[in-house]
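Okay, structure first, notes after.
The values are calculated or read from the model by the stated rules, or taken from the named source; none is laboratory data. Since the structure is predicted, the reported quantities are computational estimates derived from the model, not experimental observations. All Cβ positions, even for glycine, are placed from backbone atoms using ideal geometry, and neighbour counts span all protein chains on display.
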Amino acid sequence: MTSKRSLARASRPIHKDTFIHPWPEAGLVLFNSPYDPPASLRIENGRIVELDGKCESEFDALDRFIARHSIDCEAAPEAMAFEPRELARMLTDINVPRARLVRLCGGLTPARLMQVVAELNVLEMMIALARMRARRTPANQAHVTNRKESPALLAADAAEAAERGFAELETTVGVSRYAPLNALAVLVGSQTGRGTALTQCAVEEALGLRLALLGLTTYAETLSVYGDERAFRDGDDTPWSKAFLASAYASRGIKVRFTSGTGSEALMGHAGGKSMIYLEARCLLIVKGAGSQGVQNGSISCIALPESLPGGVRAVLAENLLAAMLDLEVASGNDAMASHSDIRKTAKLMLQLLPGTDFIFSGYSVMPREDNLFGGGNFDGEDLDDYNVIQRDMLVDGGLRPVPEEELLAVRRRAAQALQAVFEELGLPPIRDEEVEAAVYARSSDDMPDRDVVADLAAAERFLREGRNGADVIRALARRGFRDIAEKILAVQKLRVSGDYLQTSAMLLPGPRVISAINDPNDYRGPGTGYRLDPERLREICDLPWARDPRSIGRPATGQPWLRPARPARRGEDPREVVIAVGPAFGSALDATLTGLPHREVLAALVQGIRDEGLTARVVKVYHSADLGAIGYTGSQLSGSGIAIGIQSKGTTVIHRRGLPPLNNLELFPQAPNLTLESYRAIGRNAARYAKGEPTRPAPVVIDNMARLKYIVHTTILHRREIERVEAGRDPEEVIWDE
């Protein structure tokens, strides 16, 4: 038989994930496959003639490319002479300059690169990544898509993403012919409000290049590379064709990143028994040799494959680190769904968030997951508040900023209206006012009106056929009163001419101004160095719109006092009397419990419960202590029956009996959030039954393990208010009130 606890655990989300044992022959192994080649390098007359166990005559296309374009032959002899563990230790040694490590890593072969990172545990990899990333300042990239391909919603979501601090925005299409309109919508939204973001449209490479040349996008990262020659052939590609395409983008001022990822070769059936990280090292050397400034890696769309194996999340971190070691910009994944478990997803994220990468997500889904045409999203728009709180908790820069709701609504409206004007100016199918209004407040495309799909597709094809471009968009915006957005788009186009954001790890900041590994190099050398939150960024991260002023928590008594001192409290003589002892702030400095139950109503419920049993109640206020045990104990000394109810202002309650120590009691109700007016009435009834000497079943106590998490701040502040009213040495007083 299976225990009920085991059955409960088996229903947890983590058991929806798949876990397997390594299978090296199929490439289902992360490091050190028995089929990995030995690390070796031989250079003759400045030419590599042996690479990882192969002589030049045995090189495949990838070996030839790497040998000719990717390895620094001047640094290689020194680099390859180091043992892997020695290089691994240098990566975590703050006394070894980053520049020296970049030079040495540039002289390593794929097999040696894999051997080096295999020596590091997760913490060591994080330290190394913090040292080795190219740009000093971390940033983030967003996915902006929707299932209905609604242009107004795309523009609004892009504007919100840029307002929240995303430095790059990536869209894609469900139907490829929508690409020009989607790229246009995201372009306009990206430059609305605070935003100055680079944008791309992930489509087939020829179309992607065409959109970029027209000025509708400003970067590309869909140039996929693989660590196996057969996988390249399946895509009708070679390292040389990818390098040529990258140069086509870069020659027109378009930022380029390649895409690779652990497990892609095994997924395609072309791993050849090699380990995933060895193949990824080959990919990254191809990226470097092709002249790209950076790479999107982190297993990306096949993340669940390495994660099915022991150490899969460590391996993903290792591939991010490898890219940084080769001085490439790193957009470190965290985009595709990695697990059914929120705990596991967040644990994975920490490996990139804490050390920081150039782009922590290579696509954070700013809309709900069901609208993400990239296939989900590890985190989505409904997790943004959680993400901002994690930044605040750890004082770590994850590239985002919390924004008040009114600012988000304003920027969403302006972006949708600007796109509406552009569509009208350019003769595209109109965006109706109802679409604009819906886009401002929509959760997802389910909230958007349907459009004429046929008309939109025809317009998109005409847009490309006529060669409409970014200049047309700029003119349309300027003519229709959106000059600020027009000027921002024009400024980005000017930066394309200068090529400023083609530098390694470049990103735009408002202005616009460019920072990159050239003018913002990572200079981390240990504590007190490298990127640190400046006061303005610290304030921005900490200033959550929903964070409250603690002084505003707790409702003070208003109007005329309703609980009035009558006389000093004396021990009662009536054995049918139950004392209700209240704390020093009850009905005065505070007027409600932790959950907002008015003190007057709580007191009335306790009194009514006592009366239900035919007994009388006397109310006493305790001034000398705010401790619940002391309040209940004091009440029991004064009660004619010896039974008392003690209650703090926040609502925590006890039934006490004379003769018991202060910290002992008959019944304790420690979780005030679970007490209702009916609960207080039941407490009153039980206290009266104890006074009558009747057998009494304890009142039901609800246990809520989340109550402390939810209310501990309020509890702390309300208790402070209680303590502030304590008067040491002041005797209890009997009080009266208007029932």
Seminar exercise, completed: If we keep only residues of segment 250-271 that are touching an Asp or Glu at 6+ places or on another chain (Cβ under 8 Å) and of a type outside the set (S, T, N, Q), then the residue nearest to Gly208 (Cα to Cα) is Val256
Exercise. Does any residue of segment 607-616 turn out to be modelled with pLDDT of 95 or more, in the same structural domain as Ala688 (by TED's automatic domain parsing) and under 23 Å from Arg725 (Cα atoms)?
Worked result: no
For this session: Take segment 21-54 and flag every residue that is loosely packed, with under 12 Cβ neighbours inside 10 Å and farther than 20 Å from Ala281 by Cβ.
Result: His21, Glu44, Asn45, Gly46, Arg47
Exercise. Quick check: anything in segment 511-525 under 27 Å from Gln417 (Cβ atoms) and either in contact (Cβ under 8 Å) with a residue 12 or more places away in the chain or part of a loop (DSSP other than H, G, I, E, B) (or both)?
Worked result: yes
Seminar exercise, completed: Of the conditions (1) free of Cβ contacts under 8 Å to residues at least 60 places away in the same chain; (2) in contact with a His (Cβ under 9 Å, 6 or more places away or on another chain), the single one that Gly659 does not satisfy is (2)
Problem set entry | Residues of segment 589-606 classified as within 14 Å of Arg720 (Cα to Cα) and either assigned to a loop (DSSP other than H, G, I, E, B) or out of contact with any helix residue (DSSP H, G or I) (no Cβ under 9 Å at 6 or more places or on another chain) (or both), total | 3
For this session: Please enumerate the residues belonging to segment 18-50 that are among the aromatic types (Phe, Trp, Tyr) and within 29 Å of His340 (Cβ to Cβ).
Result: Phe19, Trp23, Phe31
Exercise. Counting only residues that are outside any helix (DSSP H, G or I) and β-branched (Val, Ile, Thr), which one in segment 346-376 is surrounded by the most Cβ atoms within 10 Å (Cβ to Cβ)?
Worked result: Thr357
Exercise. When both residues are 6+ apart or on different chains and their Cβ atoms are under 8 Å apart, which pairs have a first residue that lies in segment 360-382 and is assigned by TED's automatic domain parsing to the domain that holds Pro402 and on the phi > 0 side of the Ramachandran plot, and a second that is of a type in the set (S, T, N, Q) and in a strand (DSSP E or B)?
Worked result: Gly363/Gln141; Gly376/Ser365; Gly377/Ser365
Exercise. Given (1) more than 21 Å from Gly215 (Cβ to Cβ); (2) touching a residue at least 60 places away in the same chain (Cβ under 8 Å); (3) not in a loop (DSSP other than H, G, I, E, B), where does Ala458 come up short, assuming only one miss?
Worked result: (2)
For this session: Could you grab me the full set of residues in segment 1-57 that are aliphatic (A, V, I, L, M), in a loop (DSSP other than H, G, I, E, B) and more than 34 Å from the chain's Cα centre (by Cα)?
Result: Met1, Ala39
For this session: Kindly indicate which of Arg730, Arg725, Arg721 is in contact with a strand residue (DSSP E or B) (Cβ under 7 Å, 6 or more places away or on another chain) and over 19 Å from Ala644 (Cα atoms).
Result: Arg721
Problem set entry | Meets criteria (among the acidic types (Asp, Glu), surrounded by fewer than 23 Cβ atoms within 10 Å (Cβ to Cβ), under 30 Å from Asp472 (Cα atoms) and in contact (Cβ under 8 Å) with a residue 24 or more places away in the chain) for Glu163 | yes
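Residues are listed down the side, and each one gets a yes or a no for (1) farther than 23 Å from Arg64 by Cβ; (2) in a helix (DSSP H, G or I); (3) without any contact (Cβ under 8 Å) to a residue 60 or more places away in the chain; (4) in contact with a Phe, Trp or Tyr (Cβ under 7 Å, 6 or more places away or on another chain):
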residue: Ile277; (1), (2), (3), (4): no, yes, no, yes
residue: Ser292; (1), (2), (3), (4): no, no, no, yes
residue: Val316; (1), (2), (3), (4): yes, yes, yes, no
residue: Asp327; (1), (2), (3), (4): no, no, no, no
Seminar exercise, completed: Going through segment 267-294 in order, the residues found to be among the hydrophobic types (A, V, I, L, M, F, W, C) and either surrounded by fewer than 24 Cβ atoms within 10 Å (Cβ to Cβ) or touching a Cys at 6+ places or on another chain (Cβ under 8 Å) (or both) are Leu267, Met268, Ala290
